[in-house]
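**Q** The structure follows.
The values are calculated or read from the model by the stated rules, or taken from the named source; none is laboratory data. Computed from a predicted model, the values in this text were never measured in an experiment. Backbone-built Cβ (ideal geometry, glycine too); neighbour counts: all protein chains shown.
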Amino acid sequence: MNLAELQERIAKWEDLHADFKERFDSNRELAKDLVCFANTDGGQLIFGISSDKHIVGVDDPDGLFSKVDDIAYQHCDPPITVVQESLDVDGKTVVVVNIPKGDQRPYRTNSGLYYIRTTSGCRQASREELLRLFQSSESLYYDETTLPRLSLSDLDLGAFENFLEETGQADLGVDQKRLLKNWRLMSGNHPTIAGIILFGRKPQQHLPYAQVNAARIPGIDVSMEPSDMKDITGRLLDVIDQVQRFLKLHLPIPHEIRGFSPEAKPELPEEALREAVVNAVAHRDYTVMGPIRIFILDDRIEIHTPGRTPNTVDEAAMRAGVHVVRNPHIYARLSDAGLVTRAGSGIRRIIRLIKRATGGDIGIDIRDFEVLLTIPRQNASRVAAI
């Protein structure tokens, strides 16, 4: 960092990536600050700047260097690697501590606390934020989280048995409870989130956001009043079936005469719609307290899936078929049911099928708290011309 960069940084003042300190406060506070940046997006701690934005310098830069290195190694778990530099301004020394975004997140202080950085400073991570940090490092998958207030009686073992029979796994030679544990649908004597979502007696009683809200909206403006809407609940496989029925109900199926009999020709390929719905329920972020939302408009279908894509997967990666599984235990059972492939080719298949049916391309919009998949309808060009 040079003087011009320092002055520019001071003018912008503190934000998500910068924090200013007049002097070293304590081991605890410094460990907290290092953990904050490493758990979030990286940033800089700049020592020797007063709260009124004046450069005052630090008294013992070499001593501060040693303290920072020691605290980053001894007081942060796992240890955090930092890069320090100093800048002389009119005889006053400013120390800049560069903290990269950690590749072993989540980090915590030696007192066992996890912190994240926000635009307004540093604060302790919430339970949901902490779970996302574990997910991002693939050290914990949220769908295997135990629900300690529930027991085996909250699972519908009849539905589980039917699933085993329908997927050709009824003769695995393992009793139900052992199989539920092997598949991470139970942990100890308690169901996991995956277990309740897939085979719970009343999934939404315990996870009310694990549902799909579907609506038919006449026109092309999502703010218009729906002509039909439904909150689709139940076990996950039943939810998928109900969503497919809702889509069929509101998408016309014209018939072409071929030979002596009319032949049904759906406006949009059922395979593409099923892929889109299954992709949403399989890859949504279940730490986000919101439902999947599906809007059927005159010119398009919108599928709003809660949560950003995992592991920095962007639109280009999705289109290229990059496959990162957020909920592996849910995904594995959907694979058993023949609804997904281990190859992760769902988005590419949707693109191909929709292009063939409509001549158009799907839209992928990765937002802060959701991913929006837009599927054009065959009559989109006609609607746009009206």
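**Q** For R377, only one of the following conditions fails: (1) at pLDDT below 90; (2) at negative phi; (3) surrounded by 13 or more Cβ atoms within 10 Å (Cβ to Cβ). What is its number?
**A** Going through (1) at pLDDT below 90; (2) at negative phi; (3) surrounded by 13 or more Cβ atoms within 10 Å (Cβ to Cβ) one by one, R377 breaks only (1).
**Q** A further question on this structure: Return the only residue of Q242, Q211, Q169, Q205 being loosely packed, with under 13 Cβ neighbours inside 10 Å, under 18 Å from P291 (Cα atoms) and among the polar types (S, T, N, Q).
**A** Being loosely packed, with under 13 Cβ neighbours inside 10 Å, under 18 Å from P291 (Cα atoms) and among the polar types (S, T, N, Q) holds for just one of Q242, Q211, Q169, Q205, which is Q205.
**Q** What is the one condition in (1) under 30 Å from V288 (Cβ atoms); (2) modelled with pLDDT of 90 or more; (3) not acidic (D, E) that L131 does not satisfy?
**A** For L131, the failing item is (2).
**Q** May I pose another question? Being more than 26 Å from A276 (Cβ to Cβ) and in contact (Cβ under 8 Å) with a residue 40 or more places away in the chain narrows it down to one of G219, G195, G188, G168, so name that one.
**A** Exactly one of G219, G195, G188, G168 is more than 26 Å from A276 (Cβ to Cβ) and in contact (Cβ under 8 Å) with a residue 40 or more places away in the chain, namely G188.
**Q** Just the residues that are over 17 Å from the mean Cα position of the chain (by Cα) and under 15 Å from A280 (Cα atoms), please, taken from the range 334-350.
**A** L334, S335, L339, V340, T341, S345, G346, R348, R349, I350
**Q** Are there any pairs, at least 6 apart or on different chains, whose C-beta atoms fall under 8 Å, with the first in the range 63-87 and of a type in the set (S, T, N, Q) and the second part of a loop (DSSP other than H, G, I, E, B), and if so, which?
**A** Q74/N110; T81/P100
**Q** Oh, and also: Restricted to the range 329-351, and to residues that are surrounded by fewer than 14 Cβ atoms within 10 Å (Cβ to Cβ) and not hydrophobic (A, V, I, L, M, F, W, C), which residue is modelled with the lowest pLDDT?
**A** Once the filter is applied, the top-ranked residue is R342.
**Q** In this structure, is L179 more than 23 Å from I240 (Cα to Cα), under 28 Å from the mean Cα position of the chain (by Cα) and surrounded by 16 or more Cβ atoms within 10 Å (Cβ to Cβ)?
**A** yes
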